[in-house]
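Below is one structure, written out as structure tokens; the observations come after it.
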Amino acid sequence: MRVRAIWIAWEKQRRTTELAGVLDVPLYRYLFRGPYALRSIVVLAQSFLQLCRKRPEILIVQNPSIVLAAFACFMRSPFRMRVLVDRHSNFKLETLASRKLTFRVFHALSRYSVRRADMTIVTNEYLRDIVRAWGGRAIILPDKLPALDSSRKRDLGPGWHVLYICSYDEDEPLDLVLEAARLLGKARAFIVSGNHSRADRSSLRRRRITWSSRVTYLTPITKCFWHLAMSS
């Protein structure tokens, strides 16, 4: 017996967890750790077996991984299912002209999945237009805001309390945001979420941006949510 829909992911991302919950779609997450080649074989096998068991009418996959997206699109016809790829912003457009084999394979799989998917989900109009230019269909779906517990809110004192939600990806304007933080003057706290070890500190030093004691870097997502509720 076929099920209506399932969601498969190979990475743990809050966006996927939140959207799958809101849509009431069962989420199957495969997180095998090991060398890339072995990991790919294992999670591909797990995903294929799940498709055989559930035979969904609709398959939603998380991209990254680009391999998962291409796999789902390849299986679209044999399993007679519709495929939705939650691509959000994984395009690596800055490497389109690269001659490195890694990026050439990435973009070949990227365009294949865009053309073959019934729908590609992105986060803004610019990426939607790219998908359409490549022959695909796209809709815009921003990240779902987390539920905030307002009962825990308390007075943090005078001044601005700022939380910057940062992924530390190449397109994040971290240096400009920290530069702008200087304009706040009397800000009591400036919080940056995410894995701060990914930040390019040498670039910030070249721009003479110091890592002020007033700037705090958070990794745990629960702390990030709490500060989001507290922020001005």
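Residue by residue through the stretch 11-34, note down the ones that are over 25 Å from C166 (Cβ atoms) and at pLDDT 90 or above. Across the stretch 11-34, the qualifying residues are L23, D24, V25, P26, L27, Y28, Y30.
Here L96 fulfils each of the conditions (1) modelled with pLDDT under 95; (2) more than 18 Å from L127 (Cα to Cα) apart from (2).
I58 is checked against (1) crowded, with 16+ Cβ neighbours inside 10 Å; (2) of a type in the set (A, V, I, L, M, F, W, C); (3) closer than 25 Å to T102 by Cβ and fails just one. What number does that condition carry? Against the list (1) crowded, with 16+ Cβ neighbours inside 10 Å; (2) of a type in the set (A, V, I, L, M, F, W, C); (3) closer than 25 Å to T102 by Cβ, I58 comes up short only on (3).
Being out of contact with any Leu (no Cβ under 7 Å at 6 or more places or on another chain) and at pLDDT below 95 is not true of R76. For first residues located in the stretch 2-25 and within 23 Å of C52 (Cβ to Cβ), partners that are polar (S, T, N, Q) and lie 6+ apart or on another chain with Cβ distances below 6 Å form the pairs I8/S47; A9/T16; A9/Q62; W10/S65; T16/Q62. If the condition is being in a helix (DSSP H, G or I), surrounded by fewer than 16 Cβ atoms within 10 Å (Cβ to Cβ) and of a type in the set (D, E, K, R), then the stretch 1-36 contributes R14, E18.
Among the residues of the stretch 49-74, the ones that are touching a helix residue (DSSP H, G or I) at 6+ places or on another chain (Cβ under 8 Å), under 17 Å from R4 (Cα atoms) and not in a strand (DSSP E or B) come to 1 in all.
Tell me, yes or no, whether the stretch 37-44 has at least one residue that is part of a loop (DSSP other than H, G, I, E, B) and not hydroxyl-bearing (S, T, Y).
Keep residues of the stretch 37-44 that are part of a loop (DSSP other than H, G, I, E, B), which gives none.
No, the stretch 37-44 has no match at all.
The residues of the stretch 58-70 that are free of Cβ contacts under 8 Å to residues at least 60 places away in the same chain and touching a strand residue (DSSP E or B) at 6+ places or on another chain (Cβ under 8 Å), listed by number, are I58, L59, I60, V61, Q62, N63, A69.
The values are calculated or read from the model by the stated rules, or taken from the named source; none is laboratory data. The model shown is predicted, which means the values in this text are computed figures rather than measured ones. Counting neighbours? That spans all protein chains shown, and the Cβs are built from the backbone with ideal geometry, glycine included.
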